[in-house]
Every structure is written in C-alpha cells, then in structure tokens.
Amino acid sequence: MADNGAHPTEEDPAAAFLAQQESEIAGIENDGEAFGALEGAGVQQPQTSATVNGDMFQESNGPTDNYAAIAQVDIQRQEPESLRKWREEQKARLEALDSASKAAEEEWRVKAKKELEDWHVHQSEQMEKNKANNRASEEAFLAETDSNSPGSEWERVARLCDFNPKTNKQAKDVSRMRSVLISLKQAPLVR
C-alpha cells in the first residue's frame, strides 16, 4: 500500500462521496418504485427500457409528477421534523405580524387623515379671524388718518411710536430715534 500523505486509518473522501451518492440514488429508485405503485394503483404508464454502457435504464413517457413527488419526499427526508415545525410556526408568526402591521398602518392612515382635516379646519378659522382683525385695524387706522386737524400731528406720532423703553426687549434699539422725536417735539424746526 503506497503512502500518499494520508493515514491508513482515514477514509478516502472521493470514495466516501461516491458511496453516499450511490446510496442516495438507490434510495430514490426505491422511493420511486414505491410511489409509482401507490400512485398508479390501476393505471400503468407505458415504459421502455434503454441500454447505455451496458446498464438498463427505465424511460417513462408519462408525466413527470413522479419526479416532483420524489423531490418532495427527498426534501422532507432531508429536513428534520423540528425544523419543519419551526418553519411552519415562523410562517404563522410572520403572517400574524404582517396582518397586525397592516391593521396598524390603516389605523395610522385614518388618524392622520382626520388630523389633517382638523388642521385644515383650524387653519381656515384662524385665517378668517386674521382677515377680520386686519380689516378692523385697517378701518381704525384709516379713520385716524382722515382726521387731519392742525396741531395733532405729534399726537399721531406719539400713538405710532412706543416711548416706553421697557416694553420691547427683543426689538431693535430705537432710543436714538426716540430722543430725536422728543427733541423735535419740544423744539420744532423752523422753516
């Protein structure tokens, strides 16, 4: 026995693979015969045999459902019962989550639509109030400007200007303008 770097106690991987493939093929053939006997309980498919390299092969002219059934049996044989059960439970769980998320999404849509409608109603009411207030203040302003009596100019300026420095902390500093207006009021310009 020639030593090619492998230990004599180790099995040849190629030989193990071939043996595994042969046993799987034999299992498929046995399953196919059993499935064909169960499925075709009274109906026989016409079959012919062919010889390739001295081996006899059965050829079927019928439907390929036998092959699909064999593949299904092979899949079931490969997957343990616990994995199949888990897969079914997971599928049910995912379906439940999908239905719950779709229900929540629909609920959010209804809620958002209602809130948007409420916002539009509130916005239109607010705009109507602002329009009414603006019209009233415009009318009051026009009524004040129409009363141009001589000597009342400074009273109108005093009404338009805020001379209290403590009222607006966030506005610009207008103290210089205020002092100029007060000095003009006390000593008007001579023309």
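The values are calculated or read from the model by the stated rules, or taken from the named source; none is laboratory data. Just so it is clear, the model here is predicted, and its values are computed rather than measured. All Cβ positions, even for glycine, are placed from backbone atoms using ideal geometry, and neighbour counts span all protein chains on display. Note: accessible area is taken over every heavy atom of the protein model, side chains too, but ligands, DNA and RNA are not part of it. Shrake-Rupley method; radii C 1.70, N 1.55, O 1.52, S 1.80 Å.
Points to keep in mind about this one:
- Filtered residues of region 106-117 (kept if open to solvent by less than 80 Å² (accessible area, probe 1.4 Å) and among the charged types (D, E, K, R)): none
- Contact annotation: no residue pair with Cβ atoms under 8 Å, 6 or more positions apart or on different chains, pairs a residue in region 12-26 that is not assigned by the TED database to the domain that holds residue 73 with a partner that is open to solvent by 60 Å² or more (accessible area, probe 1.4 Å) and among the acidic types (Asp, Glu).
- Taking the listed residues 73, 157, the one that is closer than 30 Å to residue 25 by Cα and open to solvent by less than 80 Å² (accessible area, probe 1.4 Å) is 73, with no other qualifying.
- Subset of region 122-145 (residues that are farther than 26 Å from residue 180 by Cα and either open to solvent by 80 Å² or more (accessible area, probe 1.4 Å) or in contact with an Asp or Glu (Cβ under 6 Å, 6 or more places away or on another chain) (or both)): 122, 125, 127, 128, 129, 131, 133, 134, 135, 138, 139, 142
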